[in-house]
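The values are calculated or read from the model by the stated rules, or taken from the named source; none is laboratory data. In this text, all values refer to a predicted model and were calculated from it rather than measured experimentally. Note that each Cβ is placed from the backbone with ideal geometry, even for glycine, and that neighbours are counted across all protein chains shown. With ligands, DNA and RNA removed, areas are computed over all heavy atoms of the protein, side chains included. Shrake-Rupley method; radii C 1.70, N 1.55, O 1.52, S 1.80 Å.
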Amino acid sequence: SAPSRRAAVLPAIAILVTVVLWASAFVAIRRVGRDLSAGELSLGRLLVGRAVLGALILNRQARGGPAAAGWPARSAWPRLVTCGVLWFGLYNVALNSGERHVDAGTAAMLVNIGPILVAVLAGVALGEGFSRALAGGLLVSFAGVVVIGLSGSPGGSADAWGSLLCVVAAVAYAISVVAQKPLLRDASALHVTWLACTIGAVVCLPYAPGLVSALATAHARTVLLVVYLGAMPTALAFTTWAYALARSSAGRLGTTTYLVPPITIVLGWALLGEVPALSAFGGGVLCLAGVALARRTREPAAAP
């Protein structure tokens, strides 16, 4: 029937939008990182994202929706704070810092060990199932992380510190996805994303003086990229992600981010002239092979 086809197609479109926008974010972060510090970029991106999401919520309410519709209950706040602090706060600062040492494609490959961590945490915390193959996948992906950390990148750079920061971002992402999933049972994706974005912005407020000073002298392209990062990979992509997550298991949806590294590598080559070193490519293949190994077993059931 038409409704069932629509129910199947819309989440697929939502996650496709998310993947493409998140891939573009790695490249934009690499470019803006030349002009803004990791914390300044995080705060600027989150303030723009919060403003865009807030405008969407106000527009929805102005069209006649109940003012309280879609808002999480009080009992959801511990999970909201976890998601806001870790994903919108720590993840952004760690990734932005990591991309000062690691090219965009390499960063994307490292962050994409996240799906394994999501599968592990979702299996334990959400009852989505747990496979012994995850252990093997973790070992293979860890080997890939080590290879990337020891690699150099012509046109960019890769070092152990940058690799570690990207892994920290992956861990923050994984914990946040698992914390976010139960929130979407009763609250809307838009409201959850706005609240988490607001919490992340509050966490990053200490960077406000530096952001104001940096933007006062920044090139117009830098300002536009900060706006882009806030409006598209943050406001839009996190909302489409949450929409898709509400209609899929966390472990299953996490595997769709396999598409992010190859898209990022192509964009990084086209826009920045950066291509990961061959050894980093090898490490990235190991990371993704580990994720694939961990997911080869029967798909665990979605949480009720």
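In order along the stretch 77-84, phi translates into HN-Hα couplings of 4, x, 5, 4, 5, 4, 5, x Hz, rounded to whole numbers, per the Karplus curve 6.51 cos²θ - 1.76 cosθ + 1.60 with θ = phi - 60° and x for Gly and Pro.
Applying the Karplus relation 6.51 cos²θ - 1.76 cosθ + 1.60 with θ = phi - 60° to the stretch 269-283 yields 3J(HN,Hα) values of 5, 6, 9, 10, x, 9, 9, x, 4, 4, 5, 5, 4, x, x Hz, where x marks Gly and Pro.
When peptides 174-184, 50-60 are sorted by average Cβ neighbour count within 10 Å, with the highest value leading, the order is 174-184, 50-60. Each listed q (0.18 Å⁻¹) maps to a log10 I(q)/I(0) for the stretch 192-249, found by the Debye formula over equal Cα scatterers with no solvent: -0.75.
Each of the peptides 85-92, 105-112, 208-215, 283-290 was scored by the mean count of other Cβ atoms within 10 Å over its residues; in descending order, highest first, they stand as 105-112, 85-92, 283-290, 208-215. Per-residue accessible area (protein heavy atoms, 1.4 Å probe) orders Arg100, Arg31, Arg63, Arg79 as Arg63, Arg100, Arg79, Arg31, starting from the largest.
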